[in-house]
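Asks: What follows is a structure written as structure tokens; I'll ask about it next.
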Amino acid sequence: MTRFGLTYAFRNLDRGGEDHHHYLGRKLDEIVHAEELGFDEVRIAEHHLVDDGYVPCPVVAGAAVAARTNRIGIGQGVLLAPFYHPVRLAEEAAFVDNLSGGRFSLTFGLGYRGAEFRAYGLNRKERAARAAEVMQVVMECLSGEPVDHHGRFFDLDGVTIRPASYQRPRLPVWVGAHTRPAMERAARLGVDGLIGVEADLPMWQEVNAELRPGHPVRFAAPLTVNLVASDDPERDWALYRDRLAAPIHLYAQWAVADGDLGKVNKPRFGEQKTDADLARVTRFATTEEIREAYLARLDSFVHYETIMVDGLSTELPEEASHRALELFAAEVMPVVRARVAERRAELTTVA
């Protein structure tokens, strides 16, 4: 069955009026509600040193989600691998996997923001090598078997974490990647799945076919354009336009500050100067429009494990955010799930 996931960054955009303690409590309540509505997973983002409290600790946040929920999967979108010691990370991930009863996964990314690397005293030029070694050691440690590792950044002799992960032989490990070399590294490391954008799917399929034929091609991605469900798009755009714009502009500012706007997804994160520009990236839409947009991509979605419903709707005030989730769950998810299942059955019959 096709899964639907949400991304949370826990950004308190009302920080002048609500303390972060109460804000986080409301967002956890919202995730519980999303689980009740039928969403299948939540992925928690990671960034550091952000004024609005952007979550810096996705594994800790995942533990809070695990304690409040019963069914929903818990991952990241994405965890910034260079900033972690792999033994500590493996221990914490295994703990949360046990706490959740086997609902936890790890999804690694490289990070790109210069201020974060400087704060952690790391050389950004080493991020790919450091991330690859972190992933390798984490996956070895999660087995619960003794690990001997002598690499460029970490040196371990007979390290055995306890508890081992609840899922056996280990909890799933995903990676965020958009280039062939990154995908090839991930496949060689034995990573289970890839989170990206729709355009990444063919390359990920090719890499798996070449490097590990027969391996399940696990993939998750959002639509290219973030469509937030609304029963009155014009009203909600007038009320919450700046809410939808805030994350887009934040990422653009970071990229510009580091001089590498072209190295991130430029059409998505470039500065949006007009409403028309912004609407090409994110906007409110009726559930009928959203269904049409999703059903137009059925031939891609049959290869997805999870369709990520972009987390910008979760940046809205409580009432609007809940309404967006409820509309999507009631009027989009069932239709798309059914049509994807039908299309998969058709392809199976033809094969």
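The values are calculated or read from the model by the stated rules, or taken from the named source; none is laboratory data. All figures in this text were calculated on a predicted structure; none of them were measured in a lab. Using ideal geometry, Cβ is built from the backbone for each residue, glycine included, and neighbour counts are taken over all protein chains shown. Remember, those area values only see protein heavy atoms, side chains included, never the ligands or the DNA or RNA. Shrake-Rupley method; radii C 1.70, N 1.55, O 1.52, S 1.80 Å.
Asks: Please specify each residue of the stretch 213-226 satisfying the condition of being out of contact with any helix residue (DSSP H, G or I) (no Cβ under 7 Å at 6 or more places or on another chain) and either in a strand (DSSP E or B) or open to solvent by less than 30 Å² (accessible area, probe 1.4 Å) (or both). Give the steps one after another, and end with the answer.
Replies: Taking the stretch 213-226 as the starting set, the residues that turn out to be out of contact with any helix residue (DSSP H, G or I) (no Cβ under 7 Å at 6 or more places or on another chain) are 213-214, 216, 218, 220, 222, 225.
Of everything in the stretch 213-226, those that are out of contact with any helix residue (DSSP H, G or I) (no Cβ under 7 Å at 6 or more places or on another chain) and either in a strand (DSSP E or B) or open to solvent by less than 30 Å² (accessible area, probe 1.4 Å) (or both) turn out to be Arg218, Ala220, Pro222.
Asks: Further question on the same structure: Among (1) among the aliphatic types (A, V, I, L, M); (2) open to solvent by 20 Å² or more (accessible area, probe 1.4 Å); (3) within 17 Å of Phe83 (Cα to Cα), there is one condition Val159 misses while meeting the rest; what is its number?
Replies: (3)
Asks: Go through (1) assigned to a loop (DSSP other than H, G, I, E, B); (2) out of contact with any Pro (no Cβ under 9 Å at 6 or more places or on another chain); (3) surrounded by fewer than 18 Cβ atoms within 10 Å (Cβ to Cβ); (4) in contact (Cβ under 8 Å) with a residue 24 or more places away in the chain one by one and return the number of the condition Glu184 breaks.
Replies: (1)
Asks: Sticking with this one: Given the conditions (1) over 26 Å from Val78 (Cβ atoms); (2) surrounded by 13 or more Cβ atoms within 10 Å (Cβ to Cβ); (3) of a type in the set (Ser, Thr, Tyr), report the number of the one that Thr349 does not fulfil.
Replies: That leaves (2) as the condition not met.
Asks: Can you tell me which residue among Leu80, Leu37 is under 20 Å from Ala93 (Cβ atoms) and either hydrophobic (A, V, I, L, M, F, W, C) or touching a strand residue (DSSP E or B) at 6+ places or on another chain (Cβ under 7 Å) (or both)?
Replies: Result of the check over Leu80, Leu37: Leu80.
Asks: Find the residue count for the stretch 117-132, including only residues that are open to solvent by less than 20 Å² (accessible area, probe 1.4 Å) and more than 19 Å from the chain's Cα centre (by Cα). Step through it out loud before you land on a result.
Replies: From the stretch 117-132, those open to solvent by less than 20 Å² (accessible area, probe 1.4 Å) are 117, 131; that's our starting set.
In the following step, the residues that additionally are more than 19 Å from the chain's Cα centre (by Cα) were identified as 117.
Final tally of qualifying residues: 1.
Asks: In the stretch 188-198, how many residues are among the aliphatic types (A, V, I, L, M) and crowded, with 19+ Cβ neighbours inside 10 Å?
Replies: Of the residues in that region, 3 qualify.
Asks: Mind listing just one residue for me: the one in the stretch 88-116 that is of a type in the set (A, V, I, L, M) and more than 14 Å from Val59 (Cα to Cα) and, of those, surrounded by the fewest Cβ atoms within 10 Å (Cβ to Cβ)? It would help to see each step written out before you state the result.
Replies: Narrowing the stretch 88-116 to residues of a type in the set (A, V, I, L, M): 89-90, 93-94, 96, 99, 106, 110, 115.
Those left that are additionally more than 14 Å from Val59 (Cα to Cα): 110, 115.
Working: Leu110: 18, Ala115: 14.
Checking each candidate, the answer is Ala115.
Asks: Would you check which residues across the stretch 82-112 are small (Gly, Ala, Ser) and touching an Asp or Glu at 6+ places or on another chain (Cβ under 9 Å) and list them?
Replies: Taking the stretch 82-112 and keeping what is small (Gly, Ala, Ser), we get 90, 93-94, 100-102, 105, 109, 111.
Matches in the stretch 82-112: Ala90, Ser105, Gly109, Gly111.
Asks: Determine which member of the set Thr7, Thr107 is within 23 Å of Glu145 (Cα to Cα), under 16 Å from the mean Cα position of the chain (by Cα) and of a type in the set (Val, Ile, Thr). Step through it out loud before you land on a result.
Replies: Details: Thr7 fails: within 23 Å of Glu145 (Cα to Cα).
So the residue among Thr7, Thr107 that is within 23 Å of Glu145 (Cα to Cα), under 16 Å from the mean Cα position of the chain (by Cα) and of a type in the set (Val, Ile, Thr) is Thr107.
Asks: Sticking with this one: Residues Tyr120, Tyr112, Tyr166: which one is modelled with pLDDT under 95 and not small (Gly, Ala, Ser)? If you could, list the steps in order and put the result at the bottom.
Replies: Values: Tyr120 fails: modelled with pLDDT under 95; Tyr166 fails: modelled with pLDDT under 95.
Within the list Tyr120, Tyr112, Tyr166, the selection yields Tyr112.
Asks: In addition: Yes or no: the stretch 142-160 includes at least one residue that is in contact (Cβ under 8 Å) with a residue 60 or more places away in the chain, of a type outside the set (S, T, N, Q), within 23 Å of Asn12 (Cβ to Cβ) and not in a loop (DSSP other than H, G, I, E, B).
Replies: We begin by selecting, within the stretch 142-160, every residue in contact (Cβ under 8 Å) with a residue 60 or more places away in the chain; these are 154, 156, 159.
Add one more test, that the residue is of a type outside the set (S, T, N, Q), and what stays is 154, 156, 159.
When the remaining residues are screened for being within 23 Å of Asn12 (Cβ to Cβ), the result is none.
Within the stretch 142-160, not a single residue is in contact (Cβ under 8 Å) with a residue 60 or more places away in the chain, of a type outside the set (S, T, N, Q), within 23 Å of Asn12 (Cβ to Cβ) and not in a loop (DSSP other than H, G, I, E, B).
Asks: Here is a further query. What single numbered condition from (1) closer than 25 Å to Ala132 by Cβ; (2) open to solvent by 10 Å² or more (accessible area, probe 1.4 Å) fails to hold for Ala64?
Replies: (1)
Asks: Are there any pairs, at least 6 apart or on different chains, whose C-beta atoms fall under 6 Å, with the first in the stretch 210-236 and in contact (Cβ under 8 Å) with a residue 12 or more places away in the chain and within 19 Å of Ala177 (Cα to Cα) and the second open to solvent by 20 Å² or more (accessible area, probe 1.4 Å) and not in a loop (DSSP other than H, G, I, E, B), and if so, which?
Replies: Val217/Gln205; Ala220/Ile195; Ala221/Glu198
Asks: Let me ask something else about it. State yes or no: is Glu210 part of a helix (DSSP H, G or I), at pLDDT 95 or above, closer than 30 Å to Glu331 by Cα and open to solvent by 10 Å² or more (accessible area, probe 1.4 Å)?
Replies: Details: part of a helix (DSSP H, G or I): yes; at pLDDT 95 or above: yes; closer than 30 Å to Glu331 by Cα: no; open to solvent by 10 Å² or more (accessible area, probe 1.4 Å): yes.
For Glu210, the condition - part of a helix (DSSP H, G or I), at pLDDT 95 or above, closer than 30 Å to Glu331 by Cα and open to solvent by 10 Å² or more (accessible area, probe 1.4 Å) - is not met.
Asks: Now for a different question. Those residues that are at pLDDT 80 or above, outside any helix (DSSP H, G or I) and open to solvent by less than 40 Å² (accessible area, probe 1.4 Å), I need them from the stretch 259-287; list them, please. Spell out how you get there, then give the answer.
Replies: Of all residues in the stretch 259-287, those at pLDDT 80 or above come to 274-287.
Next, from what is left, pick out any that are outside any helix (DSSP H, G or I): 274, 280-286.
Residues satisfying the conditions are Val281, Thr282, Phe284, Ala285.
Asks: Does Leu312 fit the bill of being assigned to a helix (DSSP H, G or I), crowded, with 18+ Cβ neighbours inside 10 Å and modelled with pLDDT under 95?
Replies: Considered against the rule, which asks whether it is assigned to a helix (DSSP H, G or I), crowded, with 18+ Cβ neighbours inside 10 Å and modelled with pLDDT under 95, Leu312 comes out as yes.
Asks: Using the structure shown, decide if Phe108 is hydrophobic (A, V, I, L, M, F, W, C), assigned to a helix (DSSP H, G or I) and under 25 Å from Gln253 (Cα atoms). Spell out how you get there, then give the answer.
Replies: Working: hydrophobic (A, V, I, L, M, F, W, C): yes; assigned to a helix (DSSP H, G or I): no; under 25 Å from Gln253 (Cα atoms): yes.
So Phe108 does not fit the description; no.
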